[in-house]
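Some notes on the structure that comes next.
The values are calculated or read from the model by the stated rules, or taken from the named source; none is laboratory data. All values reported here derive from a predicted model rather than from experimental measurement. Note: ideal-geometry Cβ built from the backbone for every residue, glycine included; neighbour counts use all protein chains shown. What goes into the accessible areas is simple: the full protein's heavy atoms, side chains included, and nothing from ligands, DNA or RNA. Shrake-Rupley method; radii C 1.70, N 1.55, O 1.52, S 1.80 Å.
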Amino acid sequence: MTELLEPRAIGRDLVRRDGADKVRGTAVYAYETPVERPAFCHPVQATIARGRVTRTDTTAAEALDGVLAVLTPATAERLASTEDAELAVLQSDEVAFRGQFVGVVVAETSETARRGADLVRVEYSEETHDVTLSPERDDLYAPEKVNPAFPTDTADGDADAALAAAPVTVRQTYTTAMYHNNPLEPHATTALWDGASLTLWDSTQGVHPARGAVSAVFGLDEERVRVICPYVGGGFGSKGVPHAHVVLTALAARAVPGRAVKLALTRQQMFSLAGYRTPTIQRVQLGADREGRLSAITHDVVEQTSRIKEFAEQTAVVSRHVYAAPHRRTTHRLAALDVPVPSWMRAPGECPGMFAPEVAMDELAAELGIDPIELRIRNEPGTDPESGKRFSSRRLVECLREGAERFGWAGRDPRPGAVREGDWLVGTGVASSIYPAMRQRSKAVIRFERGRYVARIGAADLGTGAWTVLPQITADALGVPSEDVDVLIGDTAHPLASVAGGSSGTSSWGSALVATARAFRDKFGADPDDGDEIDGSSGKNPETADYAMFAFGAQFVEARVHVDTGEIRAPRVLGVFDAGRIVNPRTARSQFLGGMTMGLSMALEENSLLDPRFGHVVNHDLAEYHVVVNADIGDVQAHWLDGADPHVNPMGSKGIGEIGIVGTAAAVSNAVFHATGVRVRDLPVTLDKLLDVLPGA
Ligand code: MOS
C-alpha cells in the first residue's frame with residue numbers, strides 16, 4: 001500500500017519560488033548562460049525535401065570576417081552512434097526532409113554566423129518527395145508498437161458484428177491537423193568542451209534524458225557530459241528529447257576548441273527541427289442500444305511519421321479505457337513520409353485521440369435524443385475495460401455533474417441552432433478527458449546544513465512549478481515547514497531524475513523525495529546534525545499491478561457563431577478535473593487553464609500547413625501560425641475535485657500538465673454544432689466550414 005503524506009504544506013497556495021527572478025529578468029535561460037568569449041553558430045538547412053547534397057561551397061562563408069569554422073557533412077567529425085537518425089547530424093549526404101541540417105557556421109557573433117550560413121552554396125541531386133498523408137495510401141504500415149510501448153492493435157469481442165446488430169450507430173471519420181508546440185523560449189543550447197568532457201546548458205524537459213542521448217551520440221561515458229537547465233520557457237513536449245540542434249551545437253563547439261558555442265533556433269527553424277504533433281485521420285464507429293448503452297467502439301487511426309525515424313502516436317489508446325463497451329477494436333497505421341520527425345506535444349495520443357470519440361459521442365447523443373452528459377454516465381465502466389483492473393480512482397461522473405452545475409447546463413435546449421442572441425448563434429458543448437497517471441524512476445539526496453534541509457534532484461521546471469511544489473512535498477515528508485526546505489533541480493550533477501513529461505514529473509520526483517525524506521528521518525531522527533545526508537530513490541509503482549491509473553476531467557464550452565460571417569467565439573470554457581490531491585492550487589490552476597487554452601487554440605486556430613510541392617510548413621511563424629491570444633479568451637475556469645488518489649504516489653496526486661487539453665477541442669466542436677447544427681469533424685473548426693449553412697441575418 002502507498003503510505004500517503006499528511007498534507008500540511010501540500011495544498012497551500014504558495015507563490016512561485018522562481019517568480020521574482022523571472023519577473024526581474026535575472027533567471028538565466030540556456031542561451032543567456034554567461035560564458036567567456038562565446039561563439040555563435042547558425043545552421044545551413046536543406047532546401048529540398050528529399051535527395052542528396054552533391055557539392056557544398058563554403059569559400060565565401062569562410063572568407064567572411066569573424067567566421068571561425070564551417071562544417072558540412074564532408075567535414076564534420078564522425079559521431080560514435082548514428083542509431084538515432086534524427087541526431088545523426090551532418091553524418092551523410094542524404095536529405096530526408098526540407099529544413100534538415102546540411103551545414104553549420106560558427107562565428108564571433110550570431111549575426112556573422114547567420115550571414116555566413118547564407119553564403120554557403122549547396123548543390124543537390126533532388127529526388128521526388130512525398131509528404132502527403134492519406135488513408136488511401138497503399139504503403140500504410142502497422143508499427144510494432146505505439147508510444148511508448150502499447151500494442152498497435154487491440155480487439156475484444158467482435159466489434160463489426162456488434163455494430164451490424166446495433167440499433168443505433170455512428171460511423172464517421174474525423175481529422176486533426178498538424179500542430180507545432182511553439183513554446184515562447186525557442187530551443188536553445190550553449191555547449192562547451194573541456195577536453196573530452198562536454199557541458200551543455202540546454203533548454204530541456206529532462207537533463208538526465210538529454211545527457212543519455214547526447215553521450216550515446218558522441219560515445220562518451222555519461223559522467224563526461226553535464227547538462228544544466230534551471231529554467232525552461234515552455235516545452236509542451238518539444239523539449240522532452242534532445243533534437244538535432246543540440247548535437248549540431250556540440251559539433252560546432254568541438255570545431256572551436258576552448259570556446260563555448262551558442263545556438264537558439266529561430267521561430268521558423270522550430271517548424272522543421274523541434275518536433276510536432278502528427279496529423280491524424282480517425283475512423284470511429286459507435287454501436288449502441290436505444291438507451292445509449294454502447295455495445296461497440298472501434299477506433300482506427302492513420303497518421304504519419306518520418307522516413308528516417310519512427311514516431312508512432314498512440315492516438316486510439318484512449319478508446320481502450322474510457323467507456324464500457326464489450327466489443328472494442330483499435331488500430332494504428334502509419335505513413336512514413338519525407339517530413340520532419342514528429343514528436344511529443346501536450347498529451348500526445350490522448351489529445352488528438354479524444355477529439356474523434358468525444359465528437360462521436362455527441363453525435364450519438366443527438367441521434368438518440370439523450371443528453372450528452374447522461375450518455376457518458378450510462379457508459380461509465382466499473383473497471384478498466386482493457387485490463388479489467390480496478391481504477392485507482394475514477395471520478396469522471398462527478399466531473400461531469402459538477403461541471404454541469406457550475407456551467408449552468410440544466411435547462412439546455414437540446415435542439416441545435418435554437419438559441420440566437422442578436423446576430424449570434426449560441427451553443428454549449430461538453431467532452432470527457434482521460435490521461436494516464438504515471439510515475440517513473442528517480443533519485444534524490446537530502447542533506448541537513450546550517451539549519452536547513454537541502455534536497456537535490458535532476459528535475460525540470462518548464463514553468464509548471466517544480467521549483468515550488470517539490471519543497472512543499474519534501475517538507476511534508478520531513479515534517480517541517482516548507483520555508484525550511486530547498487530543492488535544487490535542473491542539473492545532471494544532482495541525482496538522476498525522469499523527464500518532465502507524461503504529466504509524471506511531480507509524481508515521479510515527489511515520490512523520490514518522499515522516499516529520501518523518510519529514509520532521512522529513519523536514520524537521523526527529528527534532530528539531525530549539520531552535514532547529515534542520505535540518498536534515496538523511488539522506482540516503478542508496484543500498485544500498477546492491481547490498479548489502472550488515470551486522471552479524468554470534463555470540459556464545457558460556450559460557442560457563439562456570427563450568423564453572417566461565421567466568426568466563432570468561445571467566451572466561456574470550464575473544466576472540472578479529477579487529478580487527485582492538488583499540491584499547489586496556484587501552479588495547478590495555471591496548468592489546467594493553460595491546457596484548456598491550448599485546447600481552444602487547437603480547436604479554433606492552430607494548423608500547420610504543409611506545402612506538398614516543397615515539403616515545408618508555409619505558415620512557419622507566429623504571424624501566420626495562429627495561437628489564441630488574450631483577446632480570444634473570455635472566462636476560462638478550472639475546478640477540481642478534492643481528495644487524494646490512494647495508489648499513484650505518496651502525495652495522493654495524479655498529474656495535471658496534460659489533462660486540461662485533452663477534451664477541449666471536442667467540446668468546442670460540440671458547442672459549435674449545438675449553436676449552428678453544423679458538425680465539424682475536421683480540426684480546426686474555422687468559419688469556412690460553417691458559411692454555406694449559416695442562416696444569415
Ligand atoms: Mo509532455 S508532451 O508528455 O512533455
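General remarks:
- Taking the criterion of being of a type in the set (Lys, Arg) and loosely packed, with under 15 Cβ neighbours inside 10 Å, the residues of segment 35-80 that qualify are Arg37, Arg55, Arg78.
- Cβ-Cβ contacts under 9 Å between residues 6 or more apart (or on different chains), taken from a first residue in segment 347-370 that is farther than 19 Å from Val685 by Cβ and open to solvent by 10 Å² or more (accessible area, probe 1.4 Å) to a second residue that is of a type in the set (Ser, Thr, Tyr) and assigned to a loop (DSSP other than H, G, I, E, B), are listed as Pro348/Thr278.
- Where Ile281 falls short, out of the listed (1) more than 16 Å from the ligand (Cβ to nearest atom); (2) open to solvent by 10 Å² or more (accessible area, probe 1.4 Å); (3) in a loop (DSSP other than H, G, I, E, B): (3)
- Any hit, segment 463-483, residues being assigned to a loop (DSSP other than H, G, I, E, B), open to solvent by less than 20 Å² (accessible area, probe 1.4 Å) and within 16 Å of the ligand (Cβ to nearest atom): yes
- Any hit, segment 232-244, residues being part of a strand (DSSP E or B), under 30 Å from Met361 (Cβ atoms) and open to solvent by 20 Å² or more (accessible area, probe 1.4 Å): no
- Per this entry, Ile661 is not counted among residues that are part of a loop (DSSP other than H, G, I, E, B), within 16 Å of the ligand (Cβ to nearest atom), β-branched (Val, Ile, Thr) and buried (at least 16 other Cβ atoms within 10 Å of the Cβ).
- Any hit, segment 330-341, residues being part of a loop (DSSP other than H, G, I, E, B), within 16 Å of the ligand (Cβ to nearest atom), crowded, with 24+ Cβ neighbours inside 10 Å and modelled with pLDDT of 95 or more: yes
- Unique residue being farther than 21 Å from Gly657 by Cβ and among the small types (Gly, Ala, Ser) when the list is Gly553, Gly539: Gly539
- Among the conditions (1) open to solvent by less than 10 Å² (accessible area, probe 1.4 Å); (2) within 16 Å of the ligand (Cβ to nearest atom); (3) in a helix (DSSP H, G or I), Ala551 misses just one, which is (3).
- In segment 110-153, the residues that are within 28 Å of the chain's Cα centre (by Cα), surrounded by fewer than 17 Cβ atoms within 10 Å (Cβ to Cβ) and of a type in the set (S, T, N, Q): Thr132, Ser134
- Those residues of segment 254-274 which are closer than 14 Å to Asp202 by Cα and either away from the ligand (no atom under 16 Å from the Cβ) or open to solvent by 10 Å² or more (accessible area, probe 1.4 Å) (or both), in sequence order: Ala260, Val261, Lys262, Leu263, Ala264, Leu265
- Scanning segment 147-162 for residues that are over 23 Å from Gly349 (Cβ atoms) and not in a loop (DSSP other than H, G, I, E, B) gives Asp160, Ala161, Ala162.
- Filter result for Asp491 (among the acidic types (Asp, Glu), out of contact with any His (no Cβ under 6 Å at 6 or more places or on another chain) and within 16 Å of the ligand (Cβ to nearest atom)): no
- Single residue of Val628, Val576 found to be within 30 Å of Arg412 (Cβ to Cβ) and touching a residue at least 60 places away in the same chain (Cβ under 8 Å): Val576
- When Leu200, Leu192 are checked against the criterion of being modelled with pLDDT of 95 or more, open to solvent by 20 Å² or more (accessible area, probe 1.4 Å) and either away from the ligand (no atom under 15 Å from the Cβ) or of a type in the set (S, T, N, Q) (or both), Leu192 stands alone in meeting it.
- Residues considered: Arg569, Arg589. Of these, the only one that is part of a strand (DSSP E or B), open to solvent by 30 Å² or more (accessible area, probe 1.4 Å) and within 24 Å of Gly408 (Cβ to Cβ) is Arg569.
- On the stretch given as segment 214-253, residues that are under 26 Å from Glu624 (Cα atoms) and away from the ligand (no atom under 16 Å from the Cβ) total 2.
- Complete set of residues in segment 621-641 that are of a type in the set (D, E, K, R) and open to solvent by less than 50 Å² (accessible area, probe 1.4 Å): Asp621, Asp632
Yes or no, residue by residue, for (1) crowded, with 24+ Cβ neighbours inside 10 Å; (2) more than 16 Å from the ligand (Cβ to nearest atom):
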site: Gly502; (1), (2): yes, no
site: Gly505; (1), (2): yes, no
site: Val514; (1), (2): yes, yes
site: Ala526; (1), (2): no, yes
site: Asn541; (1), (2): no, yes
site: Thr544; (1), (2): no, yes
site: His562; (1), (2): no, yes
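- In segment 397-434, residue most open to solvent (accessible area, probe 1.4 Å) [restricted to those that are under 15 Å from Pro372 (Cβ atoms) and in a helix (DSSP H, G or I)]: Arg401
- Close contacts from segment 158-180, counting a first residue that is among the β-branched types (Val, Ile, Thr) and a second that is buried (at least 21 other Cβ atoms within 10 Å of the Cβ) and in a loop (DSSP other than H, G, I, E, B), with Cβ to Cβ under 6 Å and a gap of 6+ residues or different chains, come to Thr176/Leu683.
- Residue within segment 525-540 that is on the phi < 0 side of the Ramachandran plot and without any contact (Cβ under 8 Å) to a residue 24 or more places away in the chain present: yes
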